[in-house]
Amino acid sequence: MSDDPEPDRVTPVPGQPKPRSVEAAGVQMQGVVKSAQRVLELFEFFAEHRRPLAVSDVVRGLGYPQSSASMLLKSLTKLGYLDYDRHARLFVPTLRVAFLGGWVHDQLFSQSSLSRMVDELHAVSGNTVILGMQNETYVQYIHLLQSPHSKLKWYIKPGSLRPLARASVGKILLSRQRDVDVLYLLRRINAEELEPRHRIEPGELLRQLDEIRRLGYAYSEGTVTPEAGVIAVELPTPPSQPPMAIGIGGPIETLRRERERYLQLLDESLRPYRSPGDNVVRPDRARWPT
């Protein structure tokens with residue numbers, strides 16, 4: 001999980017190429033906002049190197065002041081576009097970046113991709129499809145498709161944060177962690193929660209996570225948005241990426257009626273992305289309590 005990055009010390013490297021950014025070259029493009037330029041240059045820099053990078057790599061490669069590079073990387077980490085390994089002190093783009101322009105690529109070239117899978121799942125289910133990953137004590141919805149014909153008058157902004165231990169997508173992410181780590185996070189979550197009625201009892205959460213691990217999915221009704229629910233499963237991700245989960249959300253009565261069909265849709269959609277031994281949905285094991 002991402003933690004606040006610590007600044008690196010930058011030491012000159014003999015033979016290091018000159019910074020490649022337009023700004024560092026002393027050219028200020030007219031009509032261009034500097035902060036926007038830096039964000040795009042940074043992602044192009046990651047695309048060029050195709051590996052995790054340290055603050056010092058960005059400073060040397062793009063010629064930014066160290067304080068500016070650190071703040072830019074930290075901000076993009078907070079927003080969920082970068083993931084930070086505090087042990088290695090390295091940053092890497094998340095899948096949220098890929099979704100920004102993935103739809104353009106898919107229209108031109110790809111017949112099989114994660115974004116296309118989300119599109120198809122949205123079309124077949126007729127409801128909202130959500131991709132989420134952990135962002136500190138929250139789950140962040142990094143990509144979603146919403147149904148314009150939903151009976152619910154709700155709109156979820158991409159990048160929205162939801163309570164990690166209450167949302168179904170968040171519980172899937174917690175279910176992958178050790179109980180001791182879950183309890184540590186829960187202490188933080190409860191300490192930050194202003195509403196006493198929303199604080200979560202540790203034993204009850206651990207019981208729910210055990211059930212999720214057994215069934216392979218999480219289900220919730222009205223825990224974040226009244227009259228709405230979400231059914232979620234783990235999304236297989238490469239080791240270089242933070243864990244993610246995918247869910248279908250909609251009116252509670254629809255989820256109750258279509259739950260087994262939605263589970264089958266999720267299972268079939270994710271099958272190409274799974275490795276042998278990955279956890280799978282088991283709707284036949286038990287009915288989730290309503």
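The values are calculated or read from the model by the stated rules, or taken from the named source; none is laboratory data. Bear in mind the structure is a predicted one, so any value in this text is a computation, not a measurement. When we count neighbours, we look across all protein chains shown, and the Cβ atoms used for this are built from the backbone with ideal geometry, even at glycine. Note: accessible area is taken over every heavy atom of the protein model, side chains too, but ligands, DNA and RNA are not part of it. Shrake-Rupley method; radii C 1.70, N 1.55, O 1.52, S 1.80 Å.
A few remarks follow.
- Inter-site label distance for A47 and S67 at 7 Å from Cα along Cβ, in nm: 3.1
- A Förster distance of 25 Å, applied to the separation of the beta-carbon atoms of Q37 and S240, puts the FRET efficiency at 0.40.
- Potential extension, R199-R274 segment - 0.36 nm per residue separation minus Cα distance: 23.5 nm
- Using heavy atoms of the protein chains and a probe of 1.4 Å, the accessible area assigned to K157 is about 130 Å².
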